[in-house]
1. Which residues, taken from the stretch 5-29, are aliphatic (A, V, I, L, M), at pLDDT below 85 and surrounded by 13 or more Cβ atoms within 10 Å (Cβ to Cβ)?
2. List the pairs whose first member sits in the stretch 1-26 and is closer than 30 Å to Leu44 by Cβ, whose second member is among the hydrophobic types (A, V, I, L, M, F, W, C), and whose Cβ atoms are under 7 Å apart, counting only residues at least 6 apart or on separate chains?
3. Please state which of the following conditions Leu89 fails to meet, knowing it meets all the rest: (1) surrounded by 14 or more Cβ atoms within 10 Å (Cβ to Cβ); (2) in contact with a Leu (Cβ under 8 Å, 6 or more places away or on another chain); (3) modelled with pLDDT of 90 or more; (4) of a type in the set (A, V, I, L, M).
4. Within the set of pairs 6+ apart or on separate chains, which have a first residue in the stretch 76-94 that is farther than 13 Å from Glu56 by Cβ and without any contact (Cβ under 8 Å) to a residue 12 or more places away in the chain, a second that is among the polar types (S, T, N, Q) and surrounded by 13 or more Cβ atoms within 10 Å (Cβ to Cβ), and C-beta atoms under 6 Å apart?
5. Being out of contact with any helix residue (DSSP H, G or I) (no Cβ under 8 Å at 6 or more places or on another chain) and either modelled with pLDDT of 90 or more or part of a helix (DSSP H, G or I) (or both) is the filter here, so list the residues in the stretch 58-81 that pass it.
6. Among (1) of a type in the set (Val, Ile, Thr); (2) surrounded by 15 or more Cβ atoms within 10 Å (Cβ to Cβ); (3) modelled with pLDDT under 90; (4) out of contact with any Asp or Glu (no Cβ under 7 Å at 6 or more places or on another chain), there is one condition Val55 misses while meeting the rest; what is its number?
Amino acid sequence: MVSIETWMFVASNVLVFTIGGSLTVLSYRAQRRVENEKLRYTTLGFALLTASTLVEARYTPGLVDVDGLSNSTLLVLYTIESLLVAAGLGSIAYAILRY
């Protein structure tokens with residue numbers, strides 16, 4: 001039996017992935033429409049933020065002891081997720097500052 005917490009996690013990640021993917025596509029279309037190179041960084045930023053949800057989905061089974069991931073593996077995956085979020089936000093900030 002799957003717990004309600006697991007379903008909440010899945011639903012929230014699907015929501016973030018859907019919204020992040022939509023923002024990535026919208027940003028890409030805007031960049032193509034106005035032919036502004038600076039908007040590429042917003043597309044990259046949204047894509048990196050969206051990718052971080054995939055990393056989170058990978059390490060979460062280890063937290064509930066499904067995959068039996070080691071503590072060091074979990075820390076590496078947490079670090080990768082944090083770096084993707086930081087790079088995504090940094091890319092968006094860079095685009096805004098250059099605009």
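The values are calculated or read from the model by the stated rules, or taken from the named source; none is laboratory data. Remember, predicted model here, so these are calculated numbers, not experimental data. Cβ: placed from backbone, ideal geometry, glycine included. Neighbour counts: every protein chain shown.
1. Val10
2. Once the first residue is closer than 30 Å to Leu44 by Cβ and sits in the stretch 1-26, its partners that are among the hydrophobic types (A, V, I, L, M, F, W, C) give Asn13/Ala57; Gly20/Phe46; Gly20/Leu49; Leu23/Phe46; Thr24/Phe46; Thr24/Ala47.
3. (1)
4. none
5. Once the filter is applied, which keeps residues that are out of contact with any helix residue (DSSP H, G or I) (no Cβ under 8 Å at 6 or more places or on another chain) and either modelled with pLDDT of 90 or more or part of a helix (DSSP H, G or I) (or both), the stretch 58-81 yields Pro61, Asn71, Ser72, Leu75, Val76, Thr79.
6. For Val55, the exception is condition (4).
A quick yes/no check of all residues on (1) aromatic (Phe, Trp, Tyr); (2) more than 14 Å from Leu89 (Cα to Cα):
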{"residue": "Met1", "(1), (2)": "no, yes"}
{"residue": "Trp7", "(1), (2)": "yes, yes"}
{"residue": "Leu15", "(1), (2)": "no, yes"}
{"residue": "Arg32", "(1), (2)": "no, yes"}
{"residue": "Glu35", "(1), (2)": "no, yes"}
{"residue": "Lys38", "(1), (2)": "no, yes"}
{"residue": "Tyr41", "(1), (2)": "yes, no"}
